[in-house]
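Trainee: Quick one: the structure is below, and I'll ask about it shortly.
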Number of protein chains: 2
Amino acid sequence: MHVPHLLGDSFICEPPKILDLEGGFRFHHGDLVAPFTIVYETYGELAADRSNAVLVCHALSPGPHVAGRYSRDDAKPGWWDGMVGYGKGIDLAQHFVVCVNFPGSPWGSTAPNSMNPATGRPYGSTYPWFAVEDMVESQRIVAEHLGISRWKAVAGSSLGGMQALMWAAMHPERVGALICMAAAAAVPVTGVAWHLIGRKLVESDPAFHRGDYYDAAPGSDAMLRGLQLARMVGHMTYLSGAAMEAKFGRRRRGGTRQFEVDSYLEYQGQKFATTYDANSYIRGQAAMDEMDLTEQFGSLEAAFAKFRGATLLVSFDTDWLFPATEIGRLSDHMRRAGVPVHHLAISTPNGHDAFLLDYPLIVPAVRELLERA
Amino acid sequence: MHVPHLLGDSFICEPPKILDLEGGFRFHHGDLVAPFTIVYETYGELAADRSNAVLVCHALSPGPHVAGRYSRDDAKPGWWDGMVGYGKGIDLAQHFVVCVNFPGSPWGSTAPNSMNPATGRPYGSTYPWFAVEDMVESQRIVAEHLGISRWKAVAGSSLGGMQALMWAAMHPERVGALICMAAAAAVPVTGVAWHLIGRKLVESDPAFHRGDYYDAAPGSDAMLRGLQLARMVGHMTYLSGAAMEAKFGRRRRGGTRQFEVDSYLEYQGQKFATTYDANSYIRGQAAMDEMDLTEQFGSLEAAFAKFRGATLLVSFDTDWLFPATEIGRLSDHMRRAGVPVHHLAISTPNGHDAFLLDYPLIVPAVRELLERA
């Protein structure tokens, strides 16, 4: 039996794993990038019959480090440590969790900031504009590598939730159950518009050099102001008005006239722009915006016609990007397609990011779904 | 008796009027700009006893041209032509309407893009950062010039509504009635944050040259991309998600993959950035953000302690900038101060801009208030 190394409320996890594709990765739109590295992480133990594997799909900003700490000194656990762990919503005492860093994300897999061995320079502007289908394909490759022919469940939030929906539509027989939070089968127009504005902010920064900015801004401290501004816009769309009132109101920084919200947004934008890659950011948002299961399959009923997995959709009433009404609409269509759907509509001041915060409200429903699956 | 030149649903108005202040204009924060020109417009006829004057305060983007057309060939009437006119909400058959272009706005009054006679160059970065108090003071100067010691009513929406509230607080005895739409006694933190982001977008444009961009971008076709982007952000905050769904959804421009909302926002941003002045924009938004009657008077009850005019507050349930809850809160405080307030809470998909669109829903309440006043 596997003995987890518990560490307070979290645990010691294994380091990221690497899968090298010598033949490269063929993108949905036709481009081939070779060689290609896929980085992924796993947690818990795969059952002998491989029936307990849960795929967690990460969103735009985070990477494959879902839960746990790499060592005792690790400052922070993974991004969904409140959901995934021993005794938690996705209980590692029973489940084997896999998270794959999607192609184009800068957290390990081959991405726009990776060196192109053919040129000796980062791919930059030449890196393909990827699609949600590519994220699913990279996860399918890892599943095959691990000998997992069917996921007990596929779970995700935001862009991760969109990938989970894409799994159910593309590979219905390989998905036992579906957990999708703060996401829908397409981004509603408001989110599309904010993404487009963010992308224009990145592209308007002269230092971006149309994507080939790696030489111009070398060193780990380099930061594109355009990406920082784009993230400030993005961060606004993740918050609710009520949460901003409670957190900042119109308060000023001590002894100055600067609004507290101003320094908070600058800080959040800077933190992001010094660690994330601008080419990954604009491509990842474009992938979100381009996904549209209605357009792709003709209707949502057609998209989910063959899927029968127990499904949990979670919406948050202060989410601007994926409003609860939109997720309610998805729920209706899936039900009409014959999918057993539970739509958990949560009231919270925490906006789009509630899936990272409101664990007491979402964990019970996740546990219940996995017990049934 | 005055015979209006009616023109379809509108009328022929007089050209803008000019008031030259030889001694200049002393700004609230101490700066003097001299000489200084104030441009204003008037509609209808001032009664012999000067009891029928209504001050309309304009918002950030529009100017003093409230209603009517300058000539038969004029493509568009003034910005509040649905409210102000013969037989309309503010009926010119009974009222004399005044609108003053506030100091710093680029529609005629001396502004950052005006020539500084002392240097032979536009004021640019040297133009003062003005306050809502300056808008009120310019209106007070015009009232004095016209011999109007008391307004029958002061009306405005958005930044114009904030000026109306400032009038009631600064000159309570000079305001007979108050009409304030989509505005409050301070901008809530969400709006402050969007304004700050917009300002950063303007200032991040290298072509802005810290405000002294007039030489660098000469000619009427010149446009700052930073201002265009800021306006796209601003425009988003004026719309509701429901209106965007209805107007655009996820539709693409015929034969292309470009989202319709993308070309709409680019167009709106361009239209604004080719006609409005960037220095005026960032200063006007800062003036909005800095106004805070609670901070200034200690409490809203204190701010309105001496005001007794009949008051109409109008809120729109899809307004992100001034949520109905915030206007409800203002209404409660004013009532506690002893002001007779009617809060008209309107349900509409039209967002912040509903005051320019939902005339059937707001005109009756305005007429009723003016009949009582």
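The values are calculated or read from the model by the stated rules, or taken from the named source; none is laboratory data. As the structure is a computational prediction, the values presented were derived from the model and not from experiment. Neighbour counts run over all protein chains shown; Cβ positions are idealised from the backbone, glycine included. Just the protein is used for accessible areas: all its heavy atoms, side chains included, with ligands, DNA and RNA removed. Shrake-Rupley method; radii C 1.70, N 1.55, O 1.52, S 1.80 Å.
Trainee: Open to solvent by 10 Å² or more (accessible area, probe 1.4 Å) and closer than 19 Å to A:GLY176 by Cα - does that describe any residue in the range A:308-324?
Mentor: Checked against the condition, which is being open to solvent by 10 Å² or more (accessible area, probe 1.4 Å) and closer than 19 Å to A:GLY176 by Cα, the range A:308-324 yields at least one hit.
Trainee: I've got another one for you. Residues of the range B:5-40 being modelled with pLDDT under 95 and in contact with a Cys (Cβ under 9 Å, 6 or more places away or on another chain), which ones?
Mentor: Matches in the range B:5-40: B:HIS5 only.
Trainee: Considering only residues that are in a strand (DSSP E or B) and out of contact with any Leu (no Cβ under 6 Å at 6 or more places or on another chain), look in the range B:26-52 and name the one that is farthest from B:SER10 (Cα to Cα). Can you show your working first?
Mentor: Narrowing the range B:26-52 to residues in a strand (DSSP E or B): B:26, B:32-33, B:36-43.
From what is left, the residues that are out of contact with any Leu (no Cβ under 6 Å at 6 or more places or on another chain) are B:32-33, B:37, B:39-42.
Values: B:LEU32: 39, B:VAL33: 37, B:THR37: 28, B:VAL39: 22, B:TYR40: 19, B:GLU41: 16, B:THR42: 15 Å.
Only one residue fits best here, namely B:LEU32.
Trainee: I would also like to ask the following. So for the range B:331-354 (the condition being away from chain A (no Cβ under 11 Å), surrounded by fewer than 19 Cβ atoms within 10 Å (Cβ to Cβ) and under 21 Å from B:ALA193 (Cα atoms)), does at least one residue qualify?
Mentor: no
Trainee: Right, something else. Looking at the structure I just gave you, is A:PHE96 assigned by TED's automatic domain parsing to the domain that holds A:PRO128 and either open to solvent by 70 Å² or more (accessible area, probe 1.4 Å) or over 18 Å from the mean Cα position of the chain (by Cα) (or both)?
Mentor: Details: assigned by TED's automatic domain parsing to the domain that holds A:PRO128: yes; either open to solvent by 70 Å² or more (accessible area, probe 1.4 Å) or over 18 Å from the mean Cα position of the chain (by Cα) (or both): yes.
Yes, satisfied.
Trainee: Please name all residue pairs, on different chains or six or more residues apart, with Cβ atoms under 8 Å, provided the first residue is in the range B:245-267 and is within 9 Å of another protein chain (Cβ to nearest Cβ) and open to solvent by less than 20 Å² (accessible area, probe 1.4 Å) and the second residue is aromatic (Phe, Trp, Tyr) and part of a loop (DSSP other than H, G, I, E, B).
Mentor: B:PHE259/B:PHE248; B:VAL261/B:PHE248
Trainee: Exactly one of (1) farther than 19 Å from A:PHE316 by Cβ; (2) within 11 Å of another protein chain (Cβ to nearest Cβ) is unmet by A:GLY241. Its number?
Mentor: So the condition that A:GLY241 fails would be (1).
Trainee: Any idea which of (1) closer than 26 Å to B:ALA365 by Cβ; (2) open to solvent by 50 Å² or more (accessible area, probe 1.4 Å) is the one B:ALA118 doesn't satisfy?
Mentor: (1)
Trainee: Additional query: Can you spot a residue in the range B:186-205 that is away from chain A (no Cβ under 14 Å) and touching a Leu at 6+ places or on another chain (Cβ under 9 Å)? Lay out the reasoning, then the answer.
Mentor: Keep residues of the range B:186-205 that are away from chain A (no Cβ under 14 Å), which gives none.
No: the range B:186-205 contains no residue that is away from chain A (no Cβ under 14 Å) and touching a Leu at 6+ places or on another chain (Cβ under 9 Å).
Trainee: List every residue pair whose Cβ atoms lie under 7 Å apart, where the two residues are 6 or more positions apart in sequence or sit on different chains, the first residue falls within the range B:17-43 and is over 23 Å from B:TRP80 (Cα atoms) and without any contact (Cβ under 8 Å) to a residue 24 or more places away in the chain, and the second residue, located anywhere, is open to solvent by 50 Å² or more (accessible area, probe 1.4 Å) and of a type outside the set (A, V, I, L, M).
Mentor: B:ASP20/B:PRO35; B:GLU22/B:PRO35; B:GLY24/B:PRO35; B:LEU32/B:ARG26; B:ALA34/B:GLY23
Trainee: All but one of (1) open to solvent by less than 30 Å² (accessible area, probe 1.4 Å); (2) among the polar types (S, T, N, Q); (3) at pLDDT 95 or above hold for A:GLN270, so report the exception by its number.
Mentor: (1) is the only condition that A:GLN270 fails.
Trainee: Pairs please, first residue from the range A:141-164 and farther than 17 Å from A:HIS195 by Cβ and not assigned by TED's automatic domain parsing to the domain that holds A:ALA48, second anywhere and outside any strand (DSSP E or B) and not small (Gly, Ala, Ser), Cβ atoms under 6 Å, 6+ apart in sequence or on different chains.
Mentor: Correct list of pairs: empty, since none qualify.
Trainee: Pick out the one residue from A:HIS65, A:HIS28 that is out of contact with any Ser or Thr (no Cβ under 7 Å at 6 or more places or on another chain), open to solvent by 40 Å² or more (accessible area, probe 1.4 Å) and in the same structural domain as A:ARG367 (by TED's automatic domain parsing). Before the answer, list the steps.
Mentor: Details: A:HIS65 fails: open to solvent by 40 Å² or more (accessible area, probe 1.4 Å).
Result: A:HIS28 is the single residue among A:HIS65, A:HIS28 that is out of contact with any Ser or Thr (no Cβ under 7 Å at 6 or more places or on another chain), open to solvent by 40 Å² or more (accessible area, probe 1.4 Å) and in the same structural domain as A:ARG367 (by TED's automatic domain parsing).
Trainee: Let me ask something else. Those residues that are open to solvent by less than 10 Å² (accessible area, probe 1.4 Å) and away from chain A (no Cβ under 14 Å), I need them from the range B:170-185; list them, please.
Mentor: Within the range B:170-185, B:VAL175, B:ALA177, B:LEU178, B:ILE179, B:CYS180, B:MET181, B:ALA182, B:ALA183 qualify.
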